[in-house]
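Trainee: One structure is given below, represented as C-alpha cells, and several questions about it will come after.
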Amino acid sequence: MKCPICQSINISQRHQLTVFDDRYGYPGQFKIAFCSNCHHQFIANPISSSQEIIKLYSEYYPRSTFNIDKYKPHKEIKGIRAWLDGKYSSAFRWVPTDVTVLDIGCGFGESLGYYQSRNCNAYGVEIDSNITRVAEKFGYKVHVGLFDPTLYPDIFFDYVTMDQVIEHNVDPIQTLKNIGQILQPNGIAILSTPNPNGWGARVFRSRWINYHAPYHIHYFSRKSMQIAATKAGLTLEKVKVITNSEWLLYQWIHLILFPKNGVSSVFWDHAREKKFTHKLVIRIMGLFHKTKLNHLSTRFFDIFGLGDNYIFFLKKIDES
Ligand SMILES: [Zn+2]
C-alpha cells in the first residue's frame with residue numbers, strides 16, 4: 001500500500017485502529033492507515049465502487065428536510081464570544097469583503113448570504129438539491145451537483161472555500177488541481193478539515209467523532225497538505241488550529257450514546273426516536289456545556305496547535 005498523498009510505502013495501521021460508521025450505521029469495518037513519511041492518515045479500505053458511494057450518501061448519510069422559512073445566513077460576529085465559541089473554525093470567516101468567491105459544499109447557502117452581505121460576488125456548489133429553493137429565493141448563484149471547474153472561466157476566483165469537505169474526497173489532489181485552475185494567480189483556497197494529530201484523535205481513538213468512516217477518507221497533517229498543495233500547483237501559506245467548541249459537546253454525547261456496528265447513533269441519526277434516557281443525556285451534557293468548560297478546554301488545546309480542526313490557506317503560485 002502507498003500513501004495517496006506522498007506515495008511513500010512506509011504505511012502502518014494507525015495504532016491498529018479499526019472504525020465503523022458510528023453515526024448512520026453503514027455496515028462494515030474500516031482500517032485507518034498512517035503514513036510515517038508525511039503523517040497523512042487515510043482509510044485503507046475505502047468504499048471504491050461508485051454505486052456503493054451513491055448508496056452510502058443517499059441511503060445512510062442524512063438528507064435533511066429543509067424548511068426555507070427557517071433559513072438564516074451567517075452573520076458577522078465579533079469579540080470574545082465568537083472567540084470562545086471557536087467561530088473562526090470555518091473557512092468562510094476568513095474571506096475578505098469585495099472579492100469573487102466560490103464555496104464548494106455550500107450546504108443551504110448560509111455562507112453565500114454572508115458573502116453577499118459583505119459585497120462579494122459569491123458562487124456556490126452543493127450536491128444536496130435542497131439548496132435550490134434558497135438559491136431561487138435569495139438570488140444565489142449555485143450549481144447543484146459535484147464541483148466541476150469547467151463550469152467557470154479559468155482564473156476567475158479570488159477565493160475558494162471548502163468547509164469540512166476535502167476529507168470526503170476520494171482524490172483530494174485532483175480536487176486541489178481543479179481549484180487551482182479557477183483561482184487567479186495569488187488567489188487563495190481556504191480549507192477547514194479535522195486534525196488527526198490533535199488531542200481528540202489521540203485520546204478518543206476509534207471513538208473520535210472525526211474518524212467519521214467511511215465518509216471521511218483523508219485526514220491531513222500539515223506536511224501532507226503541503227505535499228498535496230505543491231502537487232496541485234499551490235503553496236501552503238498558513239495553517240491555523242481553531243475548533244468549534246460545540247464539537248466537544250458532541251464528542252461527550254457521542255461517547256455516552258455510542259452505537260454498535262451496523263446500527264445508527266441515536267444522537268446523530270435524527271430519524272431515530274429518542275427514549276427518555278437519551279434525551280436526559282443530551283440535556284445534561286447541554287447544561288454542562290453552559291459551564292463553558294468545553295469552550296475553555298477547546299481554546300486551551302487550540303493555543304497549543306492540538307485542537308481538532310485545521311484551517312489551511314493555500315495560495316496559487318503566480319507563474320507570470
Ligand atoms: Zn505520505
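Trainee: Within the stretch 24-52, track down each residue that is of a type in the set (G, A, S), more than 16 Å from the ligand (Cβ to nearest atom) and surrounded by 13 or more Cβ atoms within 10 Å (Cβ to Cβ). Before you say what the answer is, go through the steps one by one.
Mentor: So in the stretch 24-52, the residues of a type in the set (G, A, S) come out as 25, 28, 33, 36, 44, 48-50.
Now narrow it down to the ones that are more than 16 Å from the ligand (Cβ to nearest atom): 25, 28, 48-50.
Residues satisfying the conditions are G25, G28.
Trainee: OK, next. For the stretch 188-206, what are the residues that are touching a residue at least 60 places away in the same chain (Cβ under 8 Å), part of a helix (DSSP H, G or I) and aliphatic (A, V, I, L, M)?
Mentor: At the first step, the residues of the stretch 188-206 found to be touching a residue at least 60 places away in the same chain (Cβ under 8 Å) are 188-201, 205-206.
Adding the requirement that they be part of a helix (DSSP H, G or I) leaves 199-201, 205-206.
Within the stretch 188-206, just A201 meets the criteria.
Okay, residues lined up against (1) under 26 Å from D21 (Cβ atoms); (2) assigned to a loop (DSSP other than H, G, I, E, B); (3) within 22 Å of the chain's Cα centre (by Cα); (4) in contact (Cβ under 8 Å) with a residue 60 or more places away in the chain:
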residue	(1), (2), (3), (4)
H216	yes, yes, yes, yes
Q226	no, no, yes, no
T235	no, no, yes, yes
W247	yes, no, yes, yes
V263	yes, yes, no, yes
A271	yes, yes, no, yes
T291	no, yes, no, no
S297	no, no, yes, no
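Trainee: Can you tell me how many residues in the stretch 210-254 are touching an Asp or Glu at 6+ places or on another chain (Cβ under 9 Å) and either acidic (D, E) or within 15 Å of F42 (Cα to Cα) (or both)?
Mentor: 12
Trainee: Sticking with this one: Of these, I209, I253, which one is away from the ligand (no atom under 16 Å from the Cβ), buried (at least 20 other Cβ atoms within 10 Å of the Cβ) and in a loop (DSSP other than H, G, I, E, B)?
Mentor: So the residue among I209, I253 that is away from the ligand (no atom under 16 Å from the Cβ), buried (at least 20 other Cβ atoms within 10 Å of the Cβ) and in a loop (DSSP other than H, G, I, E, B) is I209.
Trainee: Sticking with this one: Those residues that are more than 16 Å from the ligand (Cβ to nearest atom) and surrounded by fewer than 20 Cβ atoms within 10 Å (Cβ to Cβ), I need them from the stretch 1-23; list them, please. Explain how you work it out, then say what you get.
Mentor: First pass over the stretch 1-23, keeping only residues more than 16 Å from the ligand (Cβ to nearest atom): 15-23.
The answer is H15, Q16, L17, T18.
Trainee: Sort through N45, N130 and tell me the only one that's touching a residue at least 40 places away in the same chain (Cβ under 8 Å) and over 20 Å from F157 (Cα atoms). Steps first, answer last, please.
Mentor: Working: N45 fails: touching a residue at least 40 places away in the same chain (Cβ under 8 Å).
The unique qualifying residue is N130.
Trainee: From the list F34, F30, F20, pick out the single residue that is without any contact (Cβ under 8 Å) to a residue 60 or more places away in the chain, aromatic (F, W, Y) and either in contact with a helix residue (DSSP H, G or I) (Cβ under 7 Å, 6 or more places away or on another chain) or farther than 22 Å from L249 by Cβ (or both).
Mentor: Numbers: F30 fails: without any contact (Cβ under 8 Å) to a residue 60 or more places away in the chain; F20 fails: without any contact (Cβ under 8 Å) to a residue 60 or more places away in the chain.
From the options F34, F30, F20, the qualifying one is F34.
Trainee: Just give me the residues in the stretch 263-302 being under 29 Å from K31 (Cβ atoms), at pLDDT 95 or above and of a type in the set (G, A, S), in sequence order.
Mentor: S264, S265
Trainee: Just a yes or no: is a residue in the stretch 90-97 surrounded by 20 or more Cβ atoms within 10 Å (Cβ to Cβ), more than 16 Å from the ligand (Cβ to nearest atom) and hydroxyl-bearing (S, T, Y)?
Mentor: Residues of the stretch 90-97 that are surrounded by 20 or more Cβ atoms within 10 Å (Cβ to Cβ), as a first pass: 90-93, 95.
Now drop any that are not more than 16 Å from the ligand (Cβ to nearest atom), which leaves 90-93, 95.
So of that shortlist, the ones also hydroxyl-bearing (S, T, Y) come out as 90.
Yes, some residue in the stretch 90-97 is surrounded by 20 or more Cβ atoms within 10 Å (Cβ to Cβ), more than 16 Å from the ligand (Cβ to nearest atom) and hydroxyl-bearing (S, T, Y).
Trainee: State all residues of the stretch 283-320 that are among the hydrophobic types (A, V, I, L, M, F, W, C) and crowded, with 17+ Cβ neighbours inside 10 Å; if no residue qualifies, say none. Break it down into steps so the answer makes sense when it comes.
Mentor: Going through the stretch 283-320, the residues among the hydrophobic types (A, V, I, L, M, F, W, C) turn out to be 284-285, 287-288, 293, 296, 300-301, 303-304, 306, 311-314, 317.
Once the filter is applied, which keeps residues that are among the hydrophobic types (A, V, I, L, M, F, W, C) and crowded, with 17+ Cβ neighbours inside 10 Å, the stretch 283-320 yields M285, F301, L306, I311, F312, F313, L314.
Trainee: Now, a different point. I'm trying to understand the selection: among the residues of the stretch 14-48, which are part of a strand (DSSP E or B) and over 23 Å from the mean Cα position of the chain (by Cα)?
Mentor: If we filter the stretch 14-48 for residues that are part of a strand (DSSP E or B), which is where we start, we get 14-19, 30-35, 41-43.
Once the filter is applied, which keeps residues that are part of a strand (DSSP E or B) and over 23 Å from the mean Cα position of the chain (by Cα), the stretch 14-48 yields H15, Q16.
Trainee: Another question, then. If the Cβ limit is 8 Å and pairs must be 6+ apart or interchain, which residue in the stretch 114-126 that is farther than 13 Å from F156 by Cβ pairs with which residue that is hydroxyl-bearing (S, T, Y)?
Mentor: Here the result reads Q116/Y140; R118/T97; N119/T97; C120/T97; C120/T100; G124/S111; G124/Y140, each pair linking the stretch 114-126 to a residue that is hydroxyl-bearing (S, T, Y).
Trainee: Right, another one. Name the strands (runs of 3 or more DSSP E) wholly inside the stretch 72-150 in which the number of residues that are over 22 Å from I242 (Cβ atoms) is 3 or more. I'd like the intermediate steps shown before the answer.
Mentor: Details: elements: 100-104, 121-126, 141-144.
In the stretch 72-150, 121-126, 141-144 are the strands (runs of 3 or more DSSP E) which contain 3 or more residues that are over 22 Å from I242 (Cβ atoms).
Trainee: Turning to a different aspect of this structure: Could you tell me whether K55 is assigned to a helix (DSSP H, G or I) and either free of Cβ contacts under 8 Å to residues at least 60 places away in the same chain or more than 13 Å from the ligand (Cβ to nearest atom) (or both)?
Mentor: On the way: assigned to a helix (DSSP H, G or I): yes; either free of Cβ contacts under 8 Å to residues at least 60 places away in the same chain or more than 13 Å from the ligand (Cβ to nearest atom) (or both): yes.
Yes; evaluated as a whole, the condition is true for this residue.
Trainee: Quick one: is N121 under 20 Å from I54 (Cβ atoms), in contact with a Ser or Thr (Cβ under 8 Å, 6 or more places away or on another chain) and surrounded by 14 or more Cβ atoms within 10 Å (Cβ to Cβ)? I'd like the intermediate steps shown before the answer.
Mentor: Working: under 20 Å from I54 (Cβ atoms): no; in contact with a Ser or Thr (Cβ under 8 Å, 6 or more places away or on another chain): yes; surrounded by 14 or more Cβ atoms within 10 Å (Cβ to Cβ): yes.
It is false that N121 is under 20 Å from I54 (Cβ atoms), in contact with a Ser or Thr (Cβ under 8 Å, 6 or more places away or on another chain) and surrounded by 14 or more Cβ atoms within 10 Å (Cβ to Cβ).
The values are calculated or read from the model by the stated rules, or taken from the named source; none is laboratory data. Predicted model only: the values in this text are computed from it and were never measured. Positions of Cβ are backbone-derived with ideal geometry, glycine not excepted, and every protein chain shown enters the neighbour counts.
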